[in-house]
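Written below as structure tokens is the structure these notes are about.
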Amino acid sequence: MTVSSADDLRSLIREVPDFPKPGILFYDITTLLKEPDAFREVIDRMADQVGTTGVDVVVGMESRGFIFSAPLAYKLGAGFVPVRKLGKLPAETIEVEYELEYGTATLEIHSDAIAHGQRVLIVDDLLATGGTTLGTIELVRRLGGEIAGLSFMVELAALRGREKLSEYEIHALLTY
């Protein structure tokens with residue numbers, strides 16, 4: 001399959017109505033990810049959006065954020081740091097509780113994952129309300145990292161997460 005435009009990428013994302021609950025339209029990226037040319041194109045385009053911002057570390061959030069952050073770190077010549085759900089990391093961590101659309105959750109990162117002054121790109125599959133990203137930003141800042149930018153494959157503009165993150169450089173490959 002040849003992928004030459006954002007519309008080509010968008011056509012590979014399955015829309016699932018009423019998931020995970022009635023009234024929600026879920027954008028299922030697994031149908032895009034199984035296409036090697038499309039997945040490669042997504043990573044290449046996300047890297048191009050970031051450009052040469054001098055990223056030291058790419059931080060990805062569990063779990064779908066890992067799909068994009070690890071190959072993006074490789075492409076940018078940067079390290080990769082996972083942000084996980086509570087209780088999943090084996091060494092000393094710091095944690096943050098953050099707001100979800102339907103409650104709260106806790107994220108954690110290893111205490112030694114980011115050195116003071118390192119430039120950090122935060123990557124996730126989706127920008128919705130911005131809650132997960134805000135929690136991750138707090139963790140990075142507490143470790144002394146500098147936010148170089150935020151990168152997402154998909155942005156759901158109607159949920160207005162971008163407004164909460166307006167002080168940062170935001171890259172979104174596809175906007176709905």
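With angles folded into 0 to 90 degrees, how steeply does helix 36-50 sit against the dominant principal axis of the chain? Use alpha carbons for both and round to 10.
Once rounded, the angle reads 50 degrees.
Can you sort Y168, Y74, Y102, Y27 by solvent-accessible area, 1.4 Å probe, largest first?
Largest accessible area first, the list is Y74, Y102, Y27, Y168.
When the Kirkwood hydrodynamic radius is evaluated over all pairs of different C-alpha atoms of the chain, what value in angstrom, to one decimal, is obtained?
Averaging 1/r across every pair of different Cα atoms and inverting gives 16.5 Å.
Taking 0.36 nm per residue of sequence separation and subtracting the Cα-Cα distance, how much length would be gained by fully extending the chain between S5 and E163, in nm to one decimal?
Computed gain between S5 and E163 is 54.2 nm.
Using a cut-off of under 19 Å, list every residue of the range 155-176 whose amide N is near the label point 7 Å from the Cα of T129 along the Cα-to-beta-carbon line.
155-166, 176
What number results when the radius of gyration of the range 40-139, computed over Cα atoms, is divided by 2.2 N^0.38 Å?
Working it through for the range 40-139, the quotient is 1.05.
The values are calculated or read from the model by the stated rules, or taken from the named source; none is laboratory data. On a predicted model such as this, the values are computed, not experimentally measured, just so you know. Glycine also receives a Cβ, built like all others from the backbone with ideal geometry; neighbour counts cover every protein chain displayed. Remember, those area values only see protein heavy atoms, side chains included, never the ligands or the DNA or RNA. Shrake-Rupley method; radii C 1.70, N 1.55, O 1.52, S 1.80 Å.
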